[in-house]
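None of the figures in this text is laboratory data; all of them are computed from the coordinates on show. Fair warning: this is a prediction, and the values are worked out from it, not measured in the lab. Counting neighbours? That spans all protein chains shown, and the Cβs are built from the backbone with ideal geometry, glycine included.
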Amino acid sequence: MERLDKVLSGAGYGRKEARALIAQGRVTVNGAAALRPETRCEARDAVAVDGAALERGHVYLMLHKPAGVVSATQDARERTVLDLLDDDLRRRGVFPVGRLDKDVTGLLLLTDDGALAHALLSPRRHVDKVYRVRVDGVLTQADRAALAAGLTLGDGQVCLPAGLELTGEPDTGLLTVREGKYHQIKRMMASLGKPVVALERVAMAGLTLDETLAPGRWRPLTGEEVALLRGERI
């Protein structure tokens with residue numbers, strides 16, 4: 001038996017947010033509204049928030065990563081993305097799925113589901129990742145063609161073909177890559193003579209960053225979003 005507010009916290013809701021949802025009558029247990037955070041739940045009980053069934057196994061979070069934090073579970077010198085979470089979630093053992101550089105912002109997934117993380121990160125899977133990239137220069141159709149053909153980096157590494165969508169802003173585009181070489185996007189754009197000024201991940205594996213999430217904030221994934229990530233990968 002576990003307290004209802006702890007069940008929600010374990011699924012990714014902050015403790016204060018969980019208690020507020022319960023007080024507002026937005027949480028049900030086995031179809032009935034539960035208005036007390038100390039309500040006890042068994043593992044077999046069906047818990048829902050606003051009618052959406054709660055994932056009570058693994059934890060799946062969408063974080064809007066801000067600049068200035070590192071994508072790690074611990075670091076002796078730097079603030080990490082786990083420092084943005086509640087204690088309950090850190091105790092669950094969540095970790096970032098892949099990494100974004102310290103100065104890169106945007107969509108970062110966190111979970112305690114090792115199988116899904118491995119499937120999303122496996123080099124053989126070629127999972128799409130979409131970035132909004134702003135460069136020092138003007139992006140052109142020639143850049144688009146070069147990326148689509150597959151660039152060769154300065155150290156001889158060959159990149160898979162990447163997609164560049166020109167957005168109408170001369171220095172900004174949406175870049176889709178299907179691999180994760182070290183500092184890949186920065187190196188790709190540098191090889192075109194257009195160094196990266198700002199980089200934000202806006203989508204991964206079909207999941208798009210929630211525009212209502214402020215930098216540094218997170219929310220649990222919905223059941224539909226988890227199913228989208230799972231797809232046929234595991």
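Shown is the FRET efficiency for ALA190 and ARG90, computed with R0 = 41 Å from the Cβ-Cβ distance and rounded to the nearest 0.05: 0.70. Annotation for the stretch 1-77 versus the stretch 131-159: alpha-carbon center distance of 41 Å.
Electrostatic tally near THR167: other residues with Cβ closer than 11 Å to its Cβ, Lys and Arg +1, Asp and Glu -1, net -1. Computed on the chain, with alpha-carbon pairs under 8 angstrom and 6+ residues apart, the relative contact order is 21 percent. Computed from the Cα positions only, the extents of the stretch 136-219 along the three principal axes stand at 40, 26, 20 Å, in decreasing order.
Between ALA145 and THR222, the simple label model (points 7 Å from Cα in the Cβ direction) yields a spacing of 4.2 nm. Remark: the Cα gyration tensor places the chain in the prolate category, a/c being 1.5 or greater and a/b exceeding b/c. Take the Cα of THR212, go 7 Å toward its beta carbon, and the backbone nitrogen atoms of the stretch 1-43 under 15 Å from that spot belong to 13-14, 17-18, 21, 26. Note on ARG99 and ALA67: the extension gain reaches 10.3 nm, defined as 0.36 nm multiplied by sequence separation minus the Cα-Cα distance. Here's the list of lysines a cross-link from LYS6 could span, going by alpha-carbon distance under 28 Å and ignoring same-chain residues fewer than 8 apart: LYS16, LYS65. Please state the shape class of the stretch 2-53: rounded when a/c is under 1.5, otherwise prolate if a/b exceeds b/c and oblate if not, all from the C-alpha gyration tensor. Cα axes put the stretch 2-53 in the rounded bin.
Summing Lys and Arg as +1 and Asp and Glu as -1 over all other residues whose Cβ lies under 11 Å from the Cβ of TRP218 gives a net charge of 0. Per residue of the chain, the DSSP helices (runs of n ≥ 4 H) give a summed -39500 (n - 2.57) that works out to -6000 deg cm²/dmol at 222 nm. A Stokes-Einstein calculation at 4 °C with viscosity 1.567 mPa s, built on the Kirkwood radius of the stretch 35-119 over Cα pairs, returns a diffusion coefficient of 89 µm²/s. Here LYS194 is the anchor, and the lysines within straight C-alpha reach of less than 17 Å, apart from those fewer than 8 places off in the same chain, are LYS186. On the basis of the beta-carbon distance and an R0 of 41 Å, GLU165 and GLN24 show a calculated FRET efficiency of 0.50.
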